[in-house]
Amino acid sequence: MSQTAFVPATVPDPATITAYLRSQIPITGAVGLEVTAFDGTTLGARVPFGNNRNHNSSMFGGSLAMLGILSGWSRLWALLRSRGVEANLVIRESATRFLSPTRSEAISRTEDLDPGEVERFFRAFARFGRARLEVRTRIHSEGALVATHRGDFVALRS
């Protein structure tokens, strides 16, 4: 089977992704990050307010930025796993836009990936052992959009 073949049985569930994050990126446990949903297309995650509040009694901007980065990273990690591809995954560029303060939990949802971009990503990875993909994430709190994140991620052959 080619390394770009889709294998639904290998799509990781939210608990598996959360456990992986907590074992490999310890800060995710400290901030209480939890992957709440992954349907093979988009990924949802959350961080509680209590672990992430700042001196202004609102959520720390770094926690929102981290939620955006780790949501995008996890989305791409799950995509690689769903195709049976082993790779080292790193963030190349990150941009968070803060829209309003929040005083309750923050919930993220990655945006759909363009299928053509995904296929180009896997072709580049197969050919060069390195590929880049942008993942966008929207972060809500109490039903309002509070931040957006755009992450450029690079997969490198292990």
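Sort out which residues of region 124-144 are in contact with a strand residue (DSSP E or B) (Cβ under 6 Å, 6 or more places away or on another chain) and farther than 17 Å from residue 88 by Cβ, and write them in order of number. 134, 136, 137, 138, 139, 140, 141 - these are the residues of region 124-144 that are in contact with a strand residue (DSSP E or B) (Cβ under 6 Å, 6 or more places away or on another chain) and farther than 17 Å from residue 88 by Cβ.
Could you list, in sequence order, all residues of region 5-38 that are more than 23 Å from residue 86 (Cβ to Cβ) and either touching an Asp or Glu at 6+ places or on another chain (Cβ under 6 Å) or part of a loop (DSSP other than H, G, I, E, B) (or both)?
Restricting attention to region 5-38, the residues satisfying the condition of being more than 23 Å from residue 86 (Cβ to Cβ) are 27, 29-34, 36-37.
32, 33, listed by residue number.
Every listed requirement among (1) farther than 25 Å from residue 142 by Cβ; (2) touching a residue at least 60 places away in the same chain (Cβ under 8 Å) is met by residue 106 save one, (1). Across region 47-70, the qualifying residues are those that are small (Gly, Ala, Ser) and assigned to a loop (DSSP other than H, G, I, E, B), and the one among them that is farthest from the chain's Cα centre (by Cα) is 57. Within region 84-96, residues that are of a type in the set (Lys, Arg) sit with their Cβ atoms under 6 Å from residues that are part of a strand (DSSP E or B), at 6+ positions apart or across chains, in these pairs: 92/152; 92/154. With respect to the stated conditions, residue 119 fails to be touching a Lys or Arg at 6+ places or on another chain (Cβ under 8 Å) and more than 21 Å from residue 28 (Cβ to Cβ).
Of the candidates 81, 103, the single residue that is under 20 Å from residue 10 (Cα atoms), surrounded by fewer than 19 Cβ atoms within 10 Å (Cβ to Cβ) and basic (Lys, Arg) is 81. Of all residues in region 42-66, none that is closer than 23 Å to residue 90 by Cβ and in contact (Cβ under 8 Å) with a residue 24 or more places away in the chain has its Cβ atom under 6 Å from the Cβ atom of a residue that is aromatic (Phe, Trp, Tyr) and surrounded by 21 or more Cβ atoms within 10 Å (Cβ to Cβ), 6 or more apart or on another chain.
Put simply, of 144, 131 the only residue that is surrounded by 14 or more Cβ atoms within 10 Å (Cβ to Cβ) and in contact (Cβ under 8 Å) with a residue 12 or more places away in the chain is 131.
Where a number appears in this text, it was derived from the coordinates with a stated rule and is not lab data. The structure presented is a predicted model; accordingly, all values stated were derived computationally and were not measured. Every residue, glycine as well, gets a Cβ built from its backbone with ideal geometry; the counts of neighbours run over all protein chains shown.
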